[in-house]
Amino acid sequence: MAALTASSTALRSLSATKGLRSLRTQAVARKAFVVHASKDAVAYCKTLPGISAPFPDMFDPAEFTTDATVEDVRRYREAELTHGRVAMLAALGFVVGEQLEDFPAFMNIDGNITGPAIYQFQQVQSGFWEPLVIFIGVCESYRVAVGWAAPNSTSETDSRLNQLLPDYEMGNLGFDPLGMKPKNAGDLRALQTKELNNGRLAMIAVAGFVVQELVNSTGIFEHLFKDTIFKNGN
């Protein structure tokens, strides 16, 4: 009886040891996969446009690529390009909108839209928002149709949810009405880097515009010339 009990205890101990080893093996495998994926992601990042002085290698202070995959990096770049383009339009909208306040044009027929840009949207009457929402919806639907995979999968390990199409070039929607896209690969890469850098600057600028106007409720140029340059000059 004692021998049977000892044998049973030994088997349980052996089973527990195997289970622990299996868990350790899986953990090591997962760690190795993450490290390998991270190295691939960093190497892939360095092949993309957008790397320029004063960061000739790669600027990633938040270490987004530490445990990222190549697919993650592709999504990050798509998001950066999209937000950069929107920010460039927004920066232009801040400047132009504040200079055209009280001017009877576009949706400001009565000339009553005035003040800092962050408060002008609330002054727009009906008839503007509906077409705007439809326009944005059409643009986003087109972008999704061109670059994003259908959110379906054939198995639990082959999910295509939130995935870009493999042959999709990030940001390339085929929209070039002015024919400005260079034919030369070097010129194209330089232009793509300029777009990224201007988009990054625009995102920072728009954030600054919003904060500044929330702080003192003053238009951008009004604050710049009246409250900064002329005030310091006096």
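The values are calculated or read from the model by the stated rules, or taken from the named source; none is laboratory data. Predicted model, so just to flag it, every value in this text is computed and none were measured. Here Cβ is always computed from backbone atoms with ideal geometry, including for glycine, and neighbour counts include all displayed protein chains.
Do we find a residue being within 16 Å of the chain's Cα centre (by Cα), touching a residue at least 60 places away in the same chain (Cβ under 8 Å) and outside any loop (DSSP other than H, G, I, E, B) anywhere in segment 161-179?
yes
Report every pair of residues separated by at least 6 positions or lying on different chains whose Cβ atoms are under 6 Å apart, first residue within segment 49-68 and within 18 Å of Leu201 (Cβ to Cβ), second polar (S, T, N, Q) and modelled with pLDDT of 85 or more.
Listed pairs, sorted by first residue: Pro49/Gln192; Pro49/Thr193; Gly50/Thr193; Ser52/Thr193.
Against the definition (more than 30 Å from Trp129 (Cα to Cα), hydroxyl-bearing (Ser, Thr, Tyr) and modelled with pLDDT of 55 or more), how does Tyr44 come out, yes or no?
yes
Please indicate, with yes or no, whether at least one residue in segment 73-90 is modelled with pLDDT of 90 or more, of a type in the set (Ser, Thr, Tyr) and exposed (fewer than 13 other Cβ atoms within 10 Å of the Cβ). Talk me through it step by step, then tell me what you get.
Taking segment 73-90 as the starting set, the residues that turn out to be modelled with pLDDT of 90 or more are 73-90.
Those still in the list that are of a type in the set (Ser, Thr, Tyr) too: 76, 82.
Filter again for exposed (fewer than 13 other Cβ atoms within 10 Å of the Cβ), leaving none.
No, because not a single residue in segment 73-90 is modelled with pLDDT of 90 or more, of a type in the set (Ser, Thr, Tyr) and exposed (fewer than 13 other Cβ atoms within 10 Å of the Cβ).
Show the residue pairs meeting these rules: Cβ distance below 9 Å; 6+ apart or different chains; first residue within segment 205-234 and surrounded by 11 or more Cβ atoms within 10 Å (Cβ to Cβ) and part of a loop (DSSP other than H, G, I, E, B); second residue among the aromatic types (Phe, Trp, Tyr) and at pLDDT 85 or above.
Ser217/Tyr119; Gly219/Phe94
Looking at segment 44-72, which of the residues that are aromatic (Phe, Trp, Tyr) and part of a loop (DSSP other than H, G, I, E, B) is surrounded by the fewest Cβ atoms within 10 Å (Cβ to Cβ)? Write out each step before concluding.
Residues of segment 44-72 aromatic (Phe, Trp, Tyr): 44, 55, 59, 64.
Retained after the next criterion (residues that are part of a loop (DSSP other than H, G, I, E, B)): 55, 59, 64.
On the way: Phe55: 11, Phe59: 13, Phe64: 13.
Only one residue tops the list, namely Phe55.
Would you confirm whether or not segment 215-223 contains a residue that is at pLDDT 90 or above and not acidic (Asp, Glu)?
yes
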